[in-house]
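Step one of this worksheet: look at the structure below.
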Amino acid sequence: MRSLLFVPGDSLKKLEKGMGSGADVLLIDLEDSVALDAKEEARRITAAFLSERGRDGDRPRLFVRVNGLTTGLIDADLDGVMRSAPDGIVLPKTVGGADVAHLGAKLAVREAEFGLEDGATRILAIGTETAAGVFALGTFAGSSHRLTGLTWGGEDLSADLGAETNRTEDGAYTDPYRLARSLTLLGAAAAGVDPIDSVFTNFRDAAGLEAECRTARRDGFVAKMAIHPAQVPVINQAFTPAPEAIARAQAVIDAFRTHPGAGVVGVDGEMLDRPHLLRAERLLKRAGRL
């Protein structure tokens, strides 16, 4: 996956529009974009949408962002949508692997109750929305076989920290959020799951989004979340490996296959070792999944 588009769960019109956006994943939201008195209606709309569009052959993956474990709302969210078999659940305000394991247990019960395949529902964790979550980013490894990705967010974290803003005047993140971003990347790598970059909130600034995508891809993120359909093509292009990169990766792999016992090989005048092989294999694997 490259692009993950947030869509409010209480708007069928926006959900249908999201299906045609080109996003790899729709993140159907029952949390921040839905008012408290609209939660039940959002569950109903989301469940009906999942039941109808989940049967489509060529569609984005459909994840649901539920309300957090401490809100008192998550069980009603899961009871409302799990019978319609979402592809995954997004867990906000996650505080480490223990929260993922807790959600995994809730999902297992509902999969059994609704006759769904055991373990089929994946988990995407948002790990930096509180200071406690940032300190727990190294605890996701082994927490659940359901965990497919780890992402971060700076808006809720800035509220938790009491910050005036999370970006400088030139648009760059300030130090606390750069740290949270870096630790998310490291935590995802340690857990063996996809690192996914946060949203770019200015949906009219395509150039700024493209630059942030380039930086994220350079550092090791494999996808980015979006808040508007117009952002999806920019994200998809940025995170789709270029033909030149694929050819280069294949050349590296071929060189090691030709010399299976070698620790170092030469490709186009450059000496490469095992970390270069691992990076090439990951790029081709990602390209193959698209």
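The values are calculated or read from the model by the stated rules, or taken from the named source; none is laboratory data. Keep in mind the model is a prediction, meaning the values are calculated, not measured. Positions of Cβ are backbone-derived with ideal geometry, glycine not excepted, and every protein chain shown enters the neighbour counts.
For LEU183, the criteria (1) surrounded by 16 or more Cβ atoms within 10 Å (Cβ to Cβ); (2) in contact (Cβ under 8 Å) with a residue 60 or more places away in the chain; (3) of a type outside the set (S, T, N, Q) hold in every case but one, which is (2). Scanning segment 145-180 for residues that are assigned to a loop (DSSP other than H, G, I, E, B), surrounded by 20 or more Cβ atoms within 10 Å (Cβ to Cβ) and of a type in the set (A, V, I, L, M, F, W, C) yields one hit, TRP152. Going residue by residue through segment 202-219, is there one that turns out to be buried (at least 22 other Cβ atoms within 10 Å of the Cβ), in a strand (DSSP E or B) and at pLDDT 95 or above? Checked segment 202-219: no residue is buried (at least 22 other Cβ atoms within 10 Å of the Cβ), in a strand (DSSP E or B) and at pLDDT 95 or above.
Would you check if GLY18 is assigned by TED's automatic domain parsing to the domain that holds MET225, touching a residue at least 40 places away in the same chain (Cβ under 8 Å) and at positive phi? Judged against the criteria, GLY18 is not a match. Candidates in segment 53-83 are the residues that are in a loop (DSSP other than H, G, I, E, B) and among the β-branched types (Val, Ile, Thr); of these, the one that is farthest from VAL7 (Cα to Cα) is THR70. Among the conditions (1) touching a helix residue (DSSP H, G or I) at 6+ places or on another chain (Cβ under 9 Å); (2) assigned by TED's automatic domain parsing to the domain that holds HIS276; (3) surrounded by fewer than 16 Cβ atoms within 10 Å (Cβ to Cβ), the only one that ALA249 does not satisfy is (3).
Rundown of residues vs (1) at pLDDT 95 or above; (2) farther than 25 Å from ALA211 by Cβ; (3) out of contact with any Leu (no Cβ under 9 Å at 6 or more places or on another chain), yes/no style:
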{"residue": "ALA131", "(1), (2), (3)": "yes, yes, no"}
{"residue": "PHE140", "(1), (2), (3)": "yes, yes, no"}
{"residue": "SER158", "(1), (2), (3)": "yes, no, yes"}
{"residue": "THR168", "(1), (2), (3)": "no, no, yes"}
{"residue": "ARG178", "(1), (2), (3)": "yes, no, yes"}
